[in-house]
Amino acid sequence: MTVKSRLWLRGVVAAGAMALGLGAASAEPIRIGIANFGEHPQLNTAIQGFKDAMAAGGYEEGKDVVYSESHTNFDASLVPQMIAKLQAEGPVLMYTVTTPVSQIAKKALAGSGIPIVFSAVTDPVAAKLVPSWEAGDEGMTGATDLQDVAAVMEFAKKLVPDAKRIGQPYNPGEANDVALLEKVQEAAPAAGFEVVAVGVDNVNDIQQRVASLAGKADVIYTPASNLLQPAIAAVSAAARQAGIPIINSDDGAVSDGVVPASFAVNYQQVGLNAGKIALQILDGTDPKSIPPMNPAYEDHSPRISKKAMAAFGLEIPEELADCNCIVD
């Protein structure tokens, strides 16, 4: 049964109850499954943004909608089990967070009639979640966390003016990481950067792989990777030992004084974008007709940590001194 049919049926049942004099109690709330990869500030913020958009669209939590939330602590082998459990609860829609979860959910829910809205996916086309940037797929569309890579390069030049080589650790097994690396490689020459990539497919290899960038990179950019971001403290420690400053894709580690700087997408907005798409689907729009939504330029912001900059032996450039983005 489609979402539109379920909502129509819900309305018919409610109207019938009123006609029979059974009171004016509201219909039962719809259920939405939320499949997350693991607990992380960015991903949690995207979930809250989704709920905020739903609430703004008239779906009050506990009254009009209930959410079934689950995550696998970043263990991909447990994702099929998580999706099956959420599906068994009969949701009218599934909200999937990150590329690996969305890829598995797409296969698991094919033909189920349960539409999927993804978020925290960098390149849904490369991940084969949608056929193009102009359209959704059968039963699936969503909101990306695609960064404005040219703006990242511009910020890197301002933060480390003499830098000519930008290092990028990435997970070769994660579509998000590979897609973003390709975009960095495309944008870097215009900013005067040579890209030095290093593959990291296991958290135990972070120290060795990042240390290998010593003498090869002048600044490191860490992507919104499901492998690297939960271990950003280890990445930063290795980079500091190698004497290479980090620009992160998440500002949380900057606020904590772990990483010198970030140029980050606002994940609240990523979640809000996904929630707005979900509202369209609940209103009867076919996901195939909804293109994936990207963050706008203004949905990005820089952040610089005085503490971490000093720990890396760096001074904040005069050009960024009045950026209103500096934290202690």
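Odds and ends about this structure:
- Whether the range 178-268 is rounded, prolate or oblate, judged on the alpha carbon gyration tensor where a/c under 1.5 counts as rounded: rounded
- In the chain, excluding the sites themselves, the longest stretch lacking any of the trypsin sites (Lys or Arg not before Pro) that are in a DSSP loop with at most 15 other Cβ atoms within 10 Å is 217-328.
- Residue (of A76, L129, M94) at the positive-pole extreme of the range 40-147, dipole from beta-carbon charges: A76
- Cβ charges +1 (Lys, Arg) and -1 (Asp, Glu), total dipole of the chain, debye: 640
- Percent accessible area from carbon and sulfur atoms, the chain, protein chains only, probe 1.4 Å: 50
- Separation between Cα centres of the range 49-84 and the range 240-303, rounded to whole Å: 18
- Solvent exposure of the range 126-178 amounts to 38 Å² per residue of accessible area, where only protein heavy atoms count and the probe is 1.4 Å.
- Cα centre as origin, Lys/Arg/Asp/Glu Cβ charges: the range 110-193 dipole, Debye: 360
- Partner lysines whose Cα lies under 30 Å from the Cα of K157, excluding those fewer than 8 positions away in the same chain, are identified as K183, K216, K306, K307.
- Dipole magnitude of the range 128-279 about its Cα centre (Cβ charges: Lys, Arg +1; Asp, Glu -1), debye to nearest 20: 440
- Correct choice for P(r) over Cα pairs in 10 Å bins from 0, in percent that was computed from the model, options (1) 5, 23, 25, 19, 13, 8, 5, 2, 0; (2) 6, 26, 31, 20, 11, 4, 2, 0; (3) 6, 27, 37, 24, 6, 0, 0: (2)
- At most 11 other Cβ within 10 Å, DSSP loop - GluC sites (Glu not before Pro), the range 133-221: E134
- Using the 1.4 Å probe convention, the accessible area of the range 210-325 works out to 40 Å² per residue with neighbouring protein chains retained.
- Farthest positive-ward along the range 202-328 dipole, Cα basis, beta-carbon charges - from L228, N202, Q268: N202
The values are calculated or read from the model by the stated rules, or taken from the named source; none is laboratory data. Predicted model, so just to flag it, every value in this text is computed and none were measured. Note that each Cβ is placed from the backbone with ideal geometry, even for glycine, and that neighbours are counted across all protein chains shown. These accessible areas exclude ligands, DNA and RNA; they are computed on the full protein's heavy atoms, side chains included. Shrake-Rupley method; radii C 1.70, N 1.55, O 1.52, S 1.80 Å.
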